[in-house]
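Working notes, structure below.
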Amino acid sequence: MRELLQDTLTDEGFRVESVGGGRAGIERVQRGGIDLVITDVRMPDLDGLDMLREIRSGDPSGPQPPHVIVITAFGSIDTAIKAVKLGAYDYICKPFSMDALLVAVQKALEERGLREEVRRLQSEVERPYRFDNLIGRSPQMQEVFSLIRRLSGSMANVLITGESGTGKELVARAIHYNSPRRKRPFVAINCAAIPDQLLESELFGYKRGAFTDARTDRPGLFVEADGGTLFLDEVGDLSPALQAKLLRALAEREIRPLGAQRPERIDVRVLSATHRNLEQRLKEGTFREDLFYRINVVQIHLPPLRDRPEDILPLAEHFLRKAAGTRNLSLSQAAAKVLMAHSWPGNVRELENVIERVVALAEGPVIQPEDLPPSVRERRPVDMLTSALQRGLTLADLEREYIARVMQAEGGNKTRAAQRLGLDRKTLYRKLEEEGLAQLVPGRERREADEVTAPMPRVSRPPPGSAEQG
Ligand SMILES: Nc1ncnc2c1ncn2[C@@H]1O[C@H](COP(=O)(O)OP(=O)(O)OP(=O)(O)O)[C@@H](O)[C@H]1O
Ligand SMILES: [Mg+2]
């Protein structure tokens, strides 16, 4: 039977090898390069099902194991079902025609090819849009990834700026874990959360007896981070006194713990972050310029999420996968649209919280707009000029629209409208004529007759391709 199959399949153009027995089969598969295994269930040394189990039990993230077609004896449908449950692609019952076998082989190899293709495309789609745990499809985030990559051999101090929740800490971690210091500690401290005196002893440590409660020596975070990275979060909030001490530590590469006789050498890379505008603080004189240049050798700015809408859905999908665990949840198109329309004042953190909440409360497998919190569903009114900007209005468009609106508000009364617009009646008449508004503005009588509020005359020019918004 083996020889017959080998000859037939070779004639059909497949590359075929045959071995006798289950153990030899497993060994051959382990050497690699096999796409499909055809095996009988009954073999002298090892059951075909055991062999199947062995072949299909590889690491799911490793290379795809070969597909398996199991040949079973006539009438042993139980074995066939068992085989499929164990991961066999197909089974075929004895006696069988060669044509039936050929069809099964072709189908198996075709499906395997497709799977391979999907895997390849999937990794291709995901790879450029993530860097460690950072997700980002926008050009701005791609630039951030490339900067982190270029920094990977460097010890330069980096300042990370951006609004709250834009991912500053995540970027700091990515820099550390892609640096030569990755095996040494990453120590983070939030400078805004701790009162000054405490912060000083946290950072620089103290010696026994330095103050009443100092019963033992305590090494500071600079010592804890030795050889690694110290992340100073909210560095813009440091007091002038601590700014001076930090500057000395960075410039001289040594620290003096409270109550210490001599300074101690340190080897620490400093990454800092702030949501404040440090350049502004320099101008005001609340942040030292010399310290600024020490911590800001390289600057990475994380734009707010509203300025990189391309990232919203990839991030949402990422958080959805993370929060859903083994559940299979997806976003409906309508829900995705709502997420895209929101302005995300809390940036990525807000998005992450929203998705976590949605996953906790979701009932069906597909998330609908109603599942999103009201804060996200409600469209906040965009201010008038922003909306005008988005709609691409010219000054003349804006004037026309405002005149029409005031006319409407005054029920078509031109005298009052002119007063409200700060125009004399003649000028208003002329403008109404020029702008073709005269006949569009409803008079009192007509409005009463219609008993409905006439819609705003369409005088705007929406930018090409965009739906009306704002
Ligand atoms: N690009 C991103 N990809 C994946 N997760 C992100 C990304 N940006 C931010 N996050 C997630 O959003 C949350 C907020 O990020 P992070 O704490 O780094 O922000 P932050 O800028 O330090 O905020 P804050 O100024 O409030 O401290 C974290 O849970 C983080 O994992
Ligand atoms: Mg932070």
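Nothing in this text is a laboratory measurement; each read-out follows from the coordinates by a stated rule. These numbers come from a predicted model, not from an experiment. Cβ sites come from the backbone with ideal geometry, for glycine too, and all protein chains shown count toward neighbours.
Helical content alone sets the calculated 222 nm signal of the chain at -13500 deg cm²/dmol, taking -39,500 (n - 2.57) per DSSP H segment of four or more residues and averaging over every residue.
Sorting Val144, Val298 by the number of Cβ atoms found within 10 Å of their own Cβ, with the fewest placed first, yields Val298, Val144. The label point for Asn353 and the one for Asp50, both projected 7 Å from the Cα toward the Cβ, are 5.8 nm apart.
Distance from the Cα centroid of the stretch 209-228 to that of the stretch 1-66 is 63 Å (rounded to whole angstrom). Going by a ≥ b ≥ c, the root eigenvalues of the Cα gyration tensor, does the chain fall in the rounded group (a/c under 1.5), the prolate group (a/b larger than b/c) or the oblate group? Since a/c reaches 1.5 but b/c is at least a/b, the shape of the chain is classed as oblate.
Arranged from fewest to most other beta-carbon atoms within 10 Å of their beta carbon, Glu117, Glu224 become Glu117, Glu224.
Pairs with C-alpha atoms separated by more than 27 Å, drawn from the list Lys82/Lys322; Lys207/Lys283; Lys207/Lys245, are Lys82/Lys322; Lys207/Lys283. Sorted ascending by nearby beta carbons within 10 Å, beginning with the fewest, Val68, Val16 become Val16, Val68. For the chain, the share of DSSP beta bridges that are antiparallel, to the nearest 5, is 15%.
FRET efficiency for the Ala341 to Thr10 pair, using the beta carbon distance and R₀ = 51 Å, is estimated at 0.25. Modelled spin-label separation between Asp99 and Arg215, with each label point placed 7 Å from Cα along the Cα-to-Cβ direction: 9.1 nm.
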